[in-house]
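As structure tokens, the structure follows; a few thoughts come after it.
The values are calculated or read from the model by the stated rules, or taken from the named source; none is laboratory data. Note that the structure is predicted; figures quoted are calculated from it, not measured. With ideal geometry, Cβ positions are generated from the backbone for all residues, glycine too; neighbour counts draw on all protein chains shown. Each accessible area value is taken on the protein alone, full model and side chains, heavy atoms only, with ligands, DNA and RNA left out. Shrake-Rupley method; radii C 1.70, N 1.55, O 1.52, S 1.80 Å.
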Amino acid sequence: MAKTSTSTQGLRAAIERSGYYPALVAEAVEAAIGGDSIRSYLVHQETTFDANEVRRHVTVLVLTGNRFIVSHTDEQAADTTSPTPYATTSTESVKLGRISSVVVSRVVANPESYTPGTLPREVVLTIGWGAVSRIDLEPAACGDPNCEADHGYTGSSTADDLSLRVSEAGDGPETVRQALVFAQALSEATADVTR
């Protein structure tokens, strides 16, 4: 479930509707927001299957006047460190000026007959602010197929701080729409900071 709006009450209601430890998630998110007013938010609860386990987690994205807040909560089964199941909640607050990229990838069925305004089948929102970078390296080569020289390495560095995927099939069309609304609000907010 995802929701975007601009009120603290609406945010809390969306967290409660997700049904995923709402008191824990709401407390962490509200503490991170502090006294800031909310411009937009997105709540996304996801269930994944990991070997023999079903795992749930929730991500809450909040846009305030000058910050982007991301909160993520995971549940864990009992293990050697804890005899009972437990949850881990983390929040990060990022100044809007630090956000270096907002990437929205849309998957559209039958692109040849696409009509503007039609919802994509899937949306992946990737946000980068420099906290996490991924470096992909591979051996460099020249054009000579018989060359055995060491040409070093070539590669790329990608900012990959947060990637959130929503789909019509898994989350419903309203969630896809809300993800696009949040992405647009965040893109506009980061553009305003650079002006």
Q: Could you tell me whether any residue of the range 56-71 is open to solvent by 50 Å² or more (accessible area, probe 1.4 Å) and part of a strand (DSSP E or B)?
A: yes
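Could you go through the range 73-88 and let me know if any residue there is under 15 Å from the mean Cα position of the chain (by Cα) and open to solvent by 40 Å² or more (accessible area, probe 1.4 Å). Walk me through how you get there before you give the answer.
So in the range 73-88, the residues under 15 Å from the mean Cα position of the chain (by Cα) come out as 73-74.
Remaining after also requiring open to solvent by 40 Å² or more (accessible area, probe 1.4 Å): 74.
Yes, the range 73-88 contains a residue that is under 15 Å from the mean Cα position of the chain (by Cα) and open to solvent by 40 Å² or more (accessible area, probe 1.4 Å).
Which strands (runs of 3 or more DSSP E) does the range 100-195 wholly contain that include 2 or more residues that are surrounded by fewer than 16 Cβ atoms within 10 Å (Cβ to Cβ) and modelled with pLDDT of 95 or more?
Ranges flagged: 101-107.
Residue under question is Ser93, and the condition is that it be within 23 Å of Arg55 (Cβ to Cβ), assigned to a strand (DSSP E or B) and not hydrophobic (A, V, I, L, M, F, W, C); does it hold? Break it down into steps so the answer makes sense when it comes.
Values: within 23 Å of Arg55 (Cβ to Cβ): no; assigned to a strand (DSSP E or B): yes; not hydrophobic (A, V, I, L, M, F, W, C): yes.
Against the criterion (within 23 Å of Arg55 (Cβ to Cβ), assigned to a strand (DSSP E or B) and not hydrophobic (A, V, I, L, M, F, W, C)), Ser93 does not qualify.
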Q.
Taking the criterion of being under 21 Å from Leu162 (Cα atoms), at pLDDT 95 or above and among the small types (Gly, Ala, Ser), would at least one residue in the range 30-38 satisfy it?
A. yes
(Q) Here's a check for you: in the range 136-186, which residue that is among the hydroxyl-bearing types (Ser, Thr, Tyr) and within 14 Å of the chain's Cα centre (by Cα) is nearest to Leu96 (Cα to Cα)? (A) Ser163
